[in-house]
1. Being at pLDDT 95 or above, β-branched (Val, Ile, Thr) and in a helix (DSSP H, G or I): is that true of ILE97 here?
2. Could you figure out which of (1) free of Cβ contacts under 8 Å to residues at least 60 places away in the same chain; (2) within 19 Å of LEU85 (Cα to Cα); (3) surrounded by 21 or more Cβ atoms within 10 Å (Cβ to Cβ) isn't true of VAL52?
3. Do any residues in region 31-43 that are in contact (Cβ under 8 Å) with a residue 12 or more places away in the chain and within 17 Å of ALA16 (Cα to Cα) have Cβ atoms under 7 Å from those of residues that are surrounded by fewer than 17 Cβ atoms within 10 Å (Cβ to Cβ) and among the acidic types (Asp, Glu), where the two are at least six apart or on different chains, and which pairs are they?
4. Output the residues belonging to region 1-33 that are of a type in the set (A, V, I, L, M, F, W, C) and part of a helix (DSSP H, G or I).
5. Does LEU43 satisfy the condition of being crowded, with 18+ Cβ neighbours inside 10 Å and either on the phi > 0 side of the Ramachandran plot or part of a loop (DSSP other than H, G, I, E, B) (or both)?
6. Might you check whether a residue that is farther than 24 Å from GLY11 by Cα and aromatic (Phe, Trp, Tyr) occurs anywhere in region 64-85?
7. Here are the criteria: (1) in a helix (DSSP H, G or I); (2) within 27 Å of GLN117 (Cβ to Cβ). Tell me which single one TYR61 does not satisfy.
8. Taking region 47-90 as the search range and keeping residues that are among the polar types (S, T, N, Q) and within 15 Å of VAL20 (Cβ to Cβ), which one is farthest from the chain's Cα centre (by Cα)?
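The values are calculated or read from the model by the stated rules, or taken from the named source; none is laboratory data. Only a predicted model underlies this, so the values are computations on that prediction, with no experimental measurement involved. Cβ atoms come from the backbone with ideal geometry, glycine included; neighbour counts cover every protein chain shown.
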Amino acid sequence: MAILIFDGDCGFCTTAARYVERKSKTKVRALAWQLTELHGFRLTEQQARERVWLVLDGRRYGGHECFCMLLRIQRKPLLTFIGWLFMTPALAWASRIGYSLVARFRHRLPGGTPACQMPNAKPNK
C-alpha cells in the first residue's frame with residue numbers, strides 16, 4: 001500500500017488526495033500531515049509543509065516526483081505513461097515547474113480557499 005501525505009488544511013489538496021485514494025490501481029491511503037506521526041516516515045514538519053509526499057515500496061517521493069508517481073499508479077495507461085515520461089531527465093524540469101505552479105496557486109484551484117495559500121511556496125529541489 002502507498003501512503004500519500006498531504007496538507008489537510010487545504011481543500012484542493014484534500015479533494016485531490018481523496019480522488020487518488022478512489023482511482024489508483026495501487027491502494028493508496030491519504031493522510032493529512034497535521035494528523036500524522038511524520039517521523040515514522042522519516043519526514044520533518046518542514047518537509048511536509050513544503051510539499052506533498054508519497055511513500056511507496058519503502059521509498060519517499062516529494063513534490064513533482066510524488067505527482068509523477070501518483071500518475072504512474074493510475075488505472076488509465078495514458079496517465080501511467082505521462083507519469084513515466086515526466087520522471088525522465090529530459091522532462092523532469094517541466095514536472096518541477098508544473099508542481100511548483102500548482103503548489104503556489106492551489107488556493108485558486110477548484111476546492112481551494114484562502115487558507116490553502118502557501119505564503120512562501122518553494123520550488124521542488
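1. no
2. Result: VAL52 fails condition (2) only.
3. Once the first residue is in contact (Cβ under 8 Å) with a residue 12 or more places away in the chain and within 17 Å of ALA16 (Cα to Cα) and sits in region 31-43, its partners that are surrounded by fewer than 17 Cβ atoms within 10 Å (Cβ to Cβ) and among the acidic types (Asp, Glu) give GLN34/ASP9.
4. Matches in region 1-33: PHE12, CYS13, ALA16, ALA17, VAL20, TRP33.
5. yes
6. Yes, the conditions are met somewhere in region 64-85.
7. Tallying (1) in a helix (DSSP H, G or I); (2) within 27 Å of GLN117 (Cβ to Cβ), TYR61 fails exactly one: (1).
8. THR80
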